[in-house]
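One structure is given here, and the rest of the page talks about it.
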Amino acid sequence: MRADTTIHWLAYPALGLAGCLAAGIAAAGGAGLSLWSWLGVGGLALLIALGAASYARRRLVTPAPLLRTVAAALSVFALGGALAASATLLPPHHLAHFAPELSASALPVVVEGRVTSEPEQRPHATRFVLTARRLFLLQDTLATTGRVQVTLAQSPWAPHRAYPRVQEGDVVRLEGRLRPPPLKRNPADFDYGAYLKRGGIYATLAVYDSAAVAVLDQERTGASRLAVPARAYVRRHLDRLLPSPASRAVLTALILGDRSRIDAGTRERFAETGLMHLLAVSGLHVLLVGMVLYGLLRPFLVRLGFGWFRMEITRAVATLVVLLFYVLLTGARPSVVRAVVMAALFIGATLLQRSSHPLNTLGVAALALLLARPAYLFDVGFQLSFAAVAAIVTLNPVFQDALPFRWRESALFGKAFNIITVSLAATLGTLPVLLVHFGKAPFGGLLLNLAAIPLTALALAAGIVALLLAGWLGGIAEVFGAAADVLGRALLWTAEAGADWFAWAALSTYVENVWIILSMGAALVMLAQWPRPRLRWKLAAVALLFANVAVWISVVNGAHRPALNVVFFDVGQGDAALVSLPNDKHLLIDTGPRTGASDQAAWTILPHLARQGIRRLDAVLITHPHSDHLGGLPTLLRSLPVGEVVHSGLACP
């Protein structure tokens, strides 16, 4: 979009409709209206449309166009609410109705169903989603339905038990503990139960015995028949062609979107430096996988004597087939689907000789995803992906125009400045999402992307070429595999060095006030319209108004008045409590347990301190030297300043 172009919402109808649909889905989550209520809102939209048609026939000057627009917006709004409300209506035989009672009875149950996701390997467990078919109780067998999050657990203390190999499409019978999705246990905990429900999963099944897993049959769809062997092929040849395990983990994430092989420390370094977007399959990967092919096919087909229309049809079909296969290969993640839909619309517009504005294609992608699964709206990946693309489209031209002409057109530095402005636009666009969900927005990536983006592109390209040649030109494939390995290690070194050099370059604060979020949104639109002074200052006034409302609401509510606050943490088998005094002093009593599989200080206490803006503990009191009371103390001492540690003086048993 040109930097001097005002945003005309009616020029991007798909974006406007996507906004109305998203507003309906969001309203359904907060209002709690029934499906019939939303159908009533849709009926109101129909009445407005009929009224507009009546006015148009009887008046020369009429509000009919405005009424038609209102009716269309209201109908799409009602559709979003109805879709979200209907997603919570579960049939009587759904597994969710049995899970609470079976969990309370503490009896093991047997569930039979089909594996509908790729099993994810973790250090002490394997997870996958099962679509249930039958539930076997002590004296009864029930036909059931519903999706279950299955965990094949491995105890860190017991000898390793080899579970039968389970793949997507397998029909399995499992015996274990059936429970509802877990509740949020602490104020700053990630609400994993709500996350599962947004994905249509209303029960979990924990299996602790390899003998309790039986693979009965295999029922793969056409998509899984292609995707499952392809994923196995990718993993097998990456393991063979790349010498370094760390590089193999990175290339697996870049190609398949599977980050389970990447250790927690590496993920933390990528997150701290603002480079995590490189490990999420998105537009860059779709560009290299599909759009490069789309560009290379043109001269090749011209040399073969293809006419223009035949050439465009051929390369469009070939590219879309490859991109569709890539969507299946990566598990149809929202960011991949968004990028592929936008690429398909661009290719279609080129074929039909029509223009396609990125904001409009972004709206079409949002409509496609939200209509398929309304809960995508609350997915962090969905929000980050769409916010980043919208910001790049609207903010990057403004930043580019702010640069001196010789900088933009420089053959040596032009691309570097473009990477910086694109990174700045994406960082600012995703800033509200990052602060709402993670409480931290890193800015080190603005410089690190200069090296990290080319390294990622080259590593991904080398890895793809190595995989394409692995089956019939093994020697050349090994050369490209070695190159991908070196590039992957260089990318890891960039993240590690960036974590050492730019850890300070981050904004750390949680944003929960809706008025602050609206203020940040208005400020971003103001930046997008910076070349339009009148609109710029109006939007600046709106942003300041929202910020003032946020401040005065907190004053009226007394949110900043000194108070005594005590929080008792749920840390499982152990104790931890935080006492916050009116004089802004903080005392932590016990630190929770730490085991080989968990660290409650890192998982529970530190996230709570970060969300509350507590960056220092004045004292930590250890009541007695048992591991379930002092296990998290080393983690706390390494993570934030502690004034003093008080203990009973007893020796550890």
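The values are calculated or read from the model by the stated rules, or taken from the named source; none is laboratory data. Bear in mind that the values here come from a model prediction, so they are computed numbers and not experimental data. Neighbour counts run over all protein chains shown; Cβ positions are idealised from the backbone, glycine included. Side chains included, ligands, DNA and RNA excluded: accessible areas come from the protein's heavy atoms. Shrake-Rupley method; radii C 1.70, N 1.55, O 1.52, S 1.80 Å.
Screening LEU351 with (1) at pLDDT below 85; (2) under 19 Å from ARG338 (Cβ atoms); (3) part of a helix (DSSP H, G or I) gives one miss only, at (2). Among the residues of the stretch 332-344, is there at least one that is under 14 Å from the mean Cα position of the chain (by Cα), surrounded by fewer than 19 Cβ atoms within 10 Å (Cβ to Cβ) and of a type in the set (Gly, Ala, Ser)? The answer is yes; a qualifying residue exists.
Condition (residue is over 23 Å from VAL422 (Cβ atoms), charged (D, E, K, R) and assigned to a helix (DSSP H, G or I)) applied to the stretch 272-286: is it met by at least one residue? Checking the stretch 272-286: not a single residue is over 23 Å from VAL422 (Cβ atoms), charged (D, E, K, R) and assigned to a helix (DSSP H, G or I).
For residues that are of a type in the set (Ser, Thr, Tyr) and at pLDDT below 85, scanning just the stretch 266-319, find the one that is nearest to ALA253 (Cα to Cα).
So in the stretch 266-319, the residues of a type in the set (Ser, Thr, Tyr) come out as 266, 273, 282, 294, 314, 319.
This time we only want the ones that are at pLDDT below 85, so: 282, 294.
Values: SER282: 11, TYR294: 24 Å.
Within the stretch 266-319, the match that is nearest to ALA253 (Cα to Cα) is SER282.
Can you find a residue that is in contact (Cβ under 8 Å) with a residue 40 or more places away in the chain, open to solvent by 50 Å² or more (accessible area, probe 1.4 Å) and in a helix (DSSP H, G or I) anywhere in the stretch 103-110? Don't jump to the end; show me each part of the working.
Looking only at the stretch 103-110, we keep the residues that are in contact (Cβ under 8 Å) with a residue 40 or more places away in the chain, and these are 103, 106, 108-110.
With open to solvent by 50 Å² or more (accessible area, probe 1.4 Å) added as a condition, the list becomes 106, 108.
Filter once more, so that each one left must be in a helix (DSSP H, G or I): none.
No, the stretch 103-110 contains no residue that is in contact (Cβ under 8 Å) with a residue 40 or more places away in the chain, open to solvent by 50 Å² or more (accessible area, probe 1.4 Å) and in a helix (DSSP H, G or I).
Within the set VAL380, VAL393, the sole residue that is under 22 Å from the mean Cα position of the chain (by Cα) and surrounded by fewer than 17 Cβ atoms within 10 Å (Cβ to Cβ) turns out to be VAL380. List the number of the failed condition for VAL250; all other conditions in (1) under 22 Å from GLY444 (Cβ atoms); (2) without any contact (Cβ under 8 Å) to a residue 40 or more places away in the chain; (3) open to solvent by less than 40 Å² (accessible area, probe 1.4 Å); (4) in a helix (DSSP H, G or I) hold. If we test VAL250 against (1) under 22 Å from GLY444 (Cβ atoms); (2) without any contact (Cβ under 8 Å) to a residue 40 or more places away in the chain; (3) open to solvent by less than 40 Å² (accessible area, probe 1.4 Å); (4) in a helix (DSSP H, G or I), just (2) comes out false. For the stretch 168-198, enumerate the residues that are of a type outside the set (S, T, N, Q) and open to solvent by less than 20 Å² (accessible area, probe 1.4 Å). Once the filter is applied, which keeps residues that are of a type outside the set (S, T, N, Q) and open to solvent by less than 20 Å² (accessible area, probe 1.4 Å), the stretch 168-198 yields GLY169, ASP170, VAL171, VAL172, LEU174, GLY176, LEU178, PRO181, ALA188, GLY193, LEU196.
Go through the residues of the stretch 415-436 one by one and say whether even a single one is part of a loop (DSSP other than H, G, I, E, B) and open to solvent by 40 Å² or more (accessible area, probe 1.4 Å). Talk me through it step by step, then tell me what you get.
So in the stretch 415-436, the residues part of a loop (DSSP other than H, G, I, E, B) come out as none.
Looking through the stretch 415-436, none of the residues is part of a loop (DSSP other than H, G, I, E, B) and open to solvent by 40 Å² or more (accessible area, probe 1.4 Å).
Looking at (1) open to solvent by less than 50 Å² (accessible area, probe 1.4 Å); (2) within 17 Å of LEU637 (Cβ to Cβ); (3) at pLDDT below 90, which one does ARG594 not meet, given that it meets all the others? Failed condition: (1).
Against the condition open to solvent by less than 60 Å² (accessible area, probe 1.4 Å) and assigned to a helix (DSSP H, G or I), how does ALA495 come out, does it pass? Lay out the reasoning, then the answer.
Numbers: open to solvent by less than 60 Å² (accessible area, probe 1.4 Å): yes; assigned to a helix (DSSP H, G or I): yes.
Judged against the criteria, ALA495 is a match.
Take the conditions (1) at pLDDT 90 or above; (2) within 30 Å of PHE546 (Cα to Cα); VAL486 misses just one of them, which is (2).
Can you say whether ALA619 is in contact with an Asp or Glu (Cβ under 6 Å, 6 or more places away or on another chain), surrounded by 14 or more Cβ atoms within 10 Å (Cβ to Cβ), farther than 29 Å from LEU183 by Cβ and of a type outside the set (Phe, Trp, Tyr), as far as the supplied structure shows? Full working, then the answer.
Numbers: in contact with an Asp or Glu (Cβ under 6 Å, 6 or more places away or on another chain): yes; surrounded by 14 or more Cβ atoms within 10 Å (Cβ to Cβ): yes; farther than 29 Å from LEU183 by Cβ: yes; of a type outside the set (Phe, Trp, Tyr): yes.
Considered against the rule, which asks whether it is in contact with an Asp or Glu (Cβ under 6 Å, 6 or more places away or on another chain), surrounded by 14 or more Cβ atoms within 10 Å (Cβ to Cβ), farther than 29 Å from LEU183 by Cβ and of a type outside the set (Phe, Trp, Tyr), ALA619 comes out as yes.
Among residues belonging to the stretch 439-469 that are in contact (Cβ under 8 Å) with a residue 24 or more places away in the chain and farther than 22 Å from LEU492 by Cβ, point out the one that is surrounded by the most Cβ atoms within 10 Å (Cβ to Cβ). Let's see the steps before the verdict.
From the stretch 439-469, those in contact (Cβ under 8 Å) with a residue 24 or more places away in the chain are 439-453, 455-464, 466-467; that's our starting set.
Within this subset, residues satisfying the condition of being farther than 22 Å from LEU492 by Cβ are 439, 441.
Numbers: GLY439: 18, ALA441: 20.
In this case the residue turns out to be ALA441.
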